[in-house]
Amino acid sequence: MRPSRVVAASAAAAALVWACAAPRAPVLEPAGSRNDDGTGQLAAASVRLRRAAGGEGVRADDRYERRPEEDPAFFGGYGYGGFGYGGLGGLGYGGVGYGGWGIGHAPTLAVPPPYAGVVVVDAGAIEGSVRWKSGGGVAWPAGCDAARVARAGGAVGGAVVYLDGVRAGRMVPFTMATVKTGGVAAVTACAIVPATQVAGPLPSQLVVENSDTRAIRLRHERPGGVTTADLEPGGRAYLPVERVGDTRLWDGVRAPAWVVAQAHPYYVVTGDDGRFVLDEVPPGTWTLVVWYPPLVTSVGPDGPVWGPATIERRRVTVGKSSLARADVELTPAR
């Protein structure tokens, strides 16, 4: 066989393999691993929630879908393979799961703080853990597994750890940007889960699905505005994540969920053991931020009273090709 024919045959075979594999979801890497953009474990949890709610392979016209028409940040888009193909510029989350074309919605382009993906030379890493220095908070709603409190000495799971002010660093592969960011939140009987997610690069999108048997009026409180969406059982809403900062999803009845957005990929959510890893960090001195959602400080006749978010900052120096350690203790904000 001539070399040109061999090349042509190899290219055709590669194209066939790609075509067959395209509808499948890529492997989600563990949070903090080399190939993770900071959302691995939570993205995996979101995908499991989506499947449990019937999102995979479900036709768009078989589900009740609603988007907040009053929110000018939305416009129609088209998604391929369930997750948006070309997530910027109007091609957004698909409405039909992993297979085929489906109608979706994508937020308009926002202008996040500048971040440049570069080849990081002599990159290091930061690993550590987060624990509670003292206890605090009131479990709300009572009897709900998702109710959050601080227990002295206990590991802090669900804390967002990120580097502040990063303007250049590791690149975010296209496949990660379109598949792993944004995520899915599910409304359950007493909570909106997962309790904490991260989103990026911006602009991004969050899908909220009502897995409860009751209708819900959801408030999407984010930097720059508040949106409400009425979801019937099995309903779905597409919410924009456009600006750096934290967003709350709640209805006043269930434990809320929080989404923290950053323009760069140097962020992660701690596991149940409170541990975290940030890799491919450029050498230098950085400000490490640990952010934990507000806790309920008391419950009165008008409902829960919320404290501020718990935030701890730590200066960390990362040497060339070295590992820096950062163990952080949190005192619940009051």
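Here are some notes:
- For region 275-298, the criterion of being part of a loop (DSSP other than H, G, I, E, B) and free of Cβ contacts under 8 Å to residues at least 60 places away in the same chain is met by at least one residue.
- Being modelled with pLDDT of 90 or more and basic (Lys, Arg) is a description that applies to Arg248.
- Among the conditions (1) in contact (Cβ under 8 Å) with a residue 40 or more places away in the chain; (2) under 25 Å from Gly153 (Cβ atoms); (3) assigned to a strand (DSSP E or B), the only one that Arg315 does not satisfy is (1).
- Whichever residue in region 320-332 is among the small types (Gly, Ala, Ser) and open to solvent by less than 30 Å² (accessible area, probe 1.4 Å) and, among such residues, is farthest from Gly124 (Cα to Cα): Ala326
- Every residue from region 178-196 that is modelled with pLDDT of 90 or more and of a type outside the set (Ser, Thr, Tyr): Ala185, Ala186, Val187, Ala189, Cys190, Ala191, Ile192, Val193, Pro194, Ala195
- Unique match (being at pLDDT below 95 and exposed (fewer than 15 other Cβ atoms within 10 Å of the Cβ)) among Ala116, Ala110: Ala116
- Condition met for Arg243 (in contact with a Ser or Thr (Cβ under 7 Å, 6 or more places away or on another chain) and not hydroxyl-bearing (Ser, Thr, Tyr)): no
- Residue that is least open to solvent (accessible area, probe 1.4 Å) [pool: residues in region 291-314 that are of a type outside the set (Gly, Ala, Ser) and within 14 Å of Ala142 (Cβ to Cβ)]: Val296
- Close pairs (6 angstrom Cβ cut-off, 6 or more residues apart or separate chains): of a type in the set (Ser, Thr, Tyr) in region 140-166, in a strand (DSSP E or B) anywhere: Tyr162/Tyr267; Tyr162/Val289
The values are calculated or read from the model by the stated rules, or taken from the named source; none is laboratory data. The model shown is predicted, which means the values in this text are computed figures rather than measured ones. Here Cβ is always computed from backbone atoms with ideal geometry, including for glycine, and neighbour counts include all displayed protein chains. Side chains included, ligands, DNA and RNA excluded: accessible areas come from the protein's heavy atoms. Shrake-Rupley method; radii C 1.70, N 1.55, O 1.52, S 1.80 Å.
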